[in-house]
Every structure is written in C-alpha cells, then in structure tokens.
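The values are calculated or read from the model by the stated rules, or taken from the named source; none is laboratory data. Model, not experiment: these values are computed from the prediction. So basically every Cβ, Gly included, is an ideal-geometry build from the backbone, and we count neighbours across all protein chains shown.
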Amino acid sequence: MDDNIHIELVTPEEADEWLNDMINILEGHDANVVGTILFMLEDLTEFITQNDLRKRQFMKFVAEQHGNKEAVH
C-alpha cells in the first residue's frame, strides 16, 4: 500500500462526470460520501463565484499551484 496521496488536477467536467458515475454505481455509505462531496463542491463553487474578488483570488491561487506543479491542499 502506498502511504502517499496523489492528487491530480482535473477539469470540472471530469470531476462532475466521475462523481455522477460513482453516485449511480455505489451503494450505502459510499454513495452517501459521494453525495456529500457533490453538495460540498456545489456550496464551495457558489461561495467562490458569488464575489468577484474572491473568484479572482481563487483563480490566481489555482493557476499558481498548477503552474508550480504543487498539489492544492
């Protein structure tokens, strides 16, 4: 087993597709976890995009992290 967590940036479309696929495949607790992630991402997206300054700062942060090949924590 690998002790490291590897994070890959994906497009919002890829993440949405994967989460929607998983919510249809998984059952019980696992489906609840994926459903919770979907709600959390939607809330976060709304929080970030409802304010132009917050949106610009977030996009700057993501661009810098991606450009430096660092994981977003």
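Observations on the model:
- GLU13 in a helix (DSSP H, G or I), surrounded by fewer than 10 Cβ atoms within 10 Å (Cβ to Cβ), out of contact with any helix residue (DSSP H, G or I) (no Cβ under 9 Å at 6 or more places or on another chain) and at pLDDT 80 or above: yes
- Residue within the range 44-60 that is surrounded by 10 or more Cβ atoms within 10 Å (Cβ to Cβ), at negative phi and in a loop (DSSP other than H, G, I, E, B) present: yes
- For ILE37, the test of being surrounded by 12 or more Cβ atoms within 10 Å (Cβ to Cβ) and over 23 Å from GLN65 (Cα atoms) is failed.
- ILE7 fulfils the conditions (1) in contact (Cβ under 8 Å) with a residue 40 or more places away in the chain; (2) out of contact with any helix residue (DSSP H, G or I) (no Cβ under 7 Å at 6 or more places or on another chain); (3) surrounded by 12 or more Cβ atoms within 10 Å (Cβ to Cβ) except for a single criterion, (3).
- Every pair of residues 6+ apart whose Cβ atoms lie under 8 Å, when the first sits in the range 45-73 and is closer than 19 Å to GLU13 by Cβ while the second is among the aliphatic types (A, V, I, L, M) and modelled with pLDDT of 85 or more: LYS55/ILE48; PHE58/ILE48
- Looking only at the range 24-43, residues that are of a type in the set (A, V, I, L, M), more than 25 Å from VAL62 (Cβ to Cβ) and not in a loop (DSSP other than H, G, I, E, B) come to 2 in all.
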